[in-house]
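Report on one structure; see the data block that follows.
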Amino acid sequence: MNEDDVLAKEEEALSAERSWLLRTHIPQALAELMSLVMESLKACDPEEGKPGLTLAATSGASDLLKGSVTVSGANVVKLDLTIKLPKVNRGQPYRVGLAGKGTILLQQVQNVRNNLVLALDELESHPETILLDKYALLEVITHVSDFIRNAKFSLLNIDETLLFPNRDCDSKLFTPTLPSDLVLEIYVNNASLVVSVMGVEEQGFLSVGRGKVLTRLKGGAGGGGRFTSDKPLLITDQILVETPSPRLLLLIDTLARADEACLALKEKVKRM
């Protein structure tokens, strides 16, 4: 047997061993990864048989903001807030809820869900023959890893383009409809639900000394045309309350474990 025949035999043996490893060791790891993606996806969805998770939204010892927010999946489904800002509603308490059956979308959680659905589709859409091709398998795992990391980024980073002054809130989502001097926003910051309330005034000219000046509403009129885009705005009052959410904590944990499992699987396949 010449040298070429020996090399060919060795390559054949290595290929057979790699195929055996891929068929016997990888399916379980893929199943575990899929289970973690599904667990993360479950944390994004409404809990079956439950109206949602109700979180307190209260500004500590002060009475500037008191009430609760109920979240189901990626939506705020119930709101009961009493706002008492010195320069809003003449300093009198202002109670606000959601109009009708309206909801407020938590876009960060929705973005997480969208990426997890793509990751799950990637894992489910390939035949078992993918286990016979190391490089095709690595490509699938890389795509899944990218989707999981995009999901983590969406949850752990606030998208300022969705918030005031880049965008005004939709005042008609609330009851009563928000007055023109009040901005109310609800969003996610890491594992906490954030309720942000601002008193604002349109200014005929730039002014200083009474609050923080915003040059203008960057996203245009928005919010049903409450503000014009060519006038500066002044924040006269502001209160921001962050409340830890057990569901968001669970989501962060499952995403972290899915990310770690993906990286471990990728390294395992590379070594084969």
**Prompt:** When only residues in segment 65-102 that are among the hydroxyl-bearing types (Ser, Thr, Tyr) and without any contact (Cβ under 8 Å) to a residue 60 or more places away in the chain count, which is surrounded by the most Cβ atoms within 10 Å (Cβ to Cβ)?
**Reply:** SER72
**Prompt:** From the list PHE147, PHE153, which one is crowded, with 17+ Cβ neighbours inside 10 Å, among the aromatic types (Phe, Trp, Tyr), free of Cβ contacts under 8 Å to residues at least 60 places away in the same chain and in a helix (DSSP H, G or I)?
**Reply:** PHE147
**Asked** Just a yes or no: is a residue in segment 50-63 modelled with pLDDT under 90 and closer than 17 Å to VAL183 by Cβ?
**Response** yes
**Asked** Is there a residue in segment 122-139 that is closer than 30 Å to LYS87 by Cβ and modelled with pLDDT of 90 or more?
**Response** no
**Message:** Given the options LEU7, LEU14, LEU22, name the one that is surrounded by 14 or more Cβ atoms within 10 Å (Cβ to Cβ), modelled with pLDDT under 95, of a type outside the set (Asp, Glu) and not in a loop (DSSP other than H, G, I, E, B).
**Reply:** LEU22
**Request:** For segment 158-247, please list each of the strands (runs of 3 or more DSSP E) lying entirely inside it that holds at least 1 residues being among the acidic types (Asp, Glu), modelled with pLDDT under 80 and over 20 Å from LEU106 (Cα atoms).
**Result:** 192-202
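The values are calculated or read from the model by the stated rules, or taken from the named source; none is laboratory data. Computed from a prediction, not measured in an experiment: that's the story for all the values here. A quick note on method: Cβ atoms are made from the backbone with ideal geometry, for glycine too, and the neighbour counts reach across all protein chains shown.
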